[in-house]
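J.: There's a structure below that I have some questions on.
The values are calculated or read from the model by the stated rules, or taken from the named source; none is laboratory data. Only a predicted model underlies this, so the values are computations on that prediction, with no experimental measurement involved. Virtual Cβ from ideal backbone geometry, glycine too; neighbours counted across all protein chains shown.
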Amino acid sequence: MNRRVDLSLVLPCYNEAGLFAESVTRITAVLDAMHSPYEIIFVDDKSRDNTRNLIEQLIASEGKNSKFRAIYHTHNQGRGKTVRDGIRTARAPIVGYIDIDCEVDPVYIPRLISLIKEGAADIAIGKRYYRSSPKAVVREILSRGYQWLSDMMIGTGGLDTETGYKFFSRKKILPLLAKATHPGWFWDTEIMVYARRANLVIAEVPVLFLRRFDKQSSVNIVRDTLDYMVELVRFRKQLASRI
């Protein structure tokens, strides 16, 4: 595939068969309306359901000029490794990723991209605002608490580091991939801390987060909260050793 692309969008996938077709339709509708060439890179992290087959069928249906590409992990490696692999294989000057469940609507993508295109930012991320419900309020409290704690411990600047809605100048973010190596969810925190230390300009755009209850979340509140606490302590020591 030799066609020029202005945007590479990475879509990490793990057991997404139930929402795959709907989400791809929503995402491509937004990107098509931008009238700018793009590619979508699916990175399947060894899904246990039919996700890989759906990706393969989609790519095959487009033929040799498909705007879709894919990476298939041979074993489950985690969110961080999945996103890194996608960014490294991207061809466009702007690369980003969003969560394929579209709990944050794709409609915000053009705004974030424009900030980078116009030179107003090296990185643009969605700052999540929650439409609270009894089921979502715990997630919101933990998210805000993590923003405060991570800023106190490792200097995140109060950013919504864990948002699955980030876009980068590819040439600016590539050198940092060798530093941000956590294979799992904590990679999002690592990459934003290293970006701040590299003095990259980071813009936050308010986005509405609508929790989906028609799918099983990959987030385990108790386990993941404990893991994050351990990783914060580890990463703080790692940063201190490099000063």
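J.: Would you confirm whether or not the range 94-106 contains a residue that is in contact with an Asp or Glu (Cβ under 8 Å, 6 or more places away or on another chain), buried (at least 18 other Cβ atoms within 10 Å of the Cβ), among the acidic types (Asp, Glu) and in contact (Cβ under 8 Å) with a residue 24 or more places away in the chain?
T.: Scanning the range 94-106 turns up at least one residue that is in contact with an Asp or Glu (Cβ under 8 Å, 6 or more places away or on another chain), buried (at least 18 other Cβ atoms within 10 Å of the Cβ), among the acidic types (Asp, Glu) and in contact (Cβ under 8 Å) with a residue 24 or more places away in the chain.
J.: Ok, one more. Which condition breaks for Ile59 when tested against (1) of a type in the set (A, V, I, L, M); (2) out of contact with any Leu (no Cβ under 7 Å at 6 or more places or on another chain); (3) in contact (Cβ under 8 Å) with a residue 24 or more places away in the chain?
T.: (3)
J.: Could you grab me the full set of residues in the range 1-27 that are among the polar types (S, T, N, Q), touching a residue at least 24 places away in the same chain (Cβ under 8 Å) and within 22 Å of Arg91 (Cβ to Cβ)?
T.: Ser8
J.: Looking at Thr163, Thr74, Thr82, can you tell me which residue is within 17 Å of the chain's Cα centre (by Cα), of a type in the set (Ser, Thr, Tyr) and in a loop (DSSP other than H, G, I, E, B)?
T.: Testing whether each residue is within 17 Å of the chain's Cα centre (by Cα), of a type in the set (Ser, Thr, Tyr) and in a loop (DSSP other than H, G, I, E, B) leaves just Thr163.
J.: On to the next question. Tally the residues that are surrounded by fewer than 19 Cβ atoms within 10 Å (Cβ to Cβ) and either under 14 Å from Ile109 (Cα atoms) or hydroxyl-bearing (Ser, Thr, Tyr) (or both), restricting the search to the range 1-36.
T.: 11
J.: Can you tell me which condition Ile109 does not meet? The list is (1) at pLDDT below 95; (2) buried (at least 17 other Cβ atoms within 10 Å of the Cβ); (3) assigned to a helix (DSSP H, G or I), and all the others hold.
T.: All conditions are met except number (1).
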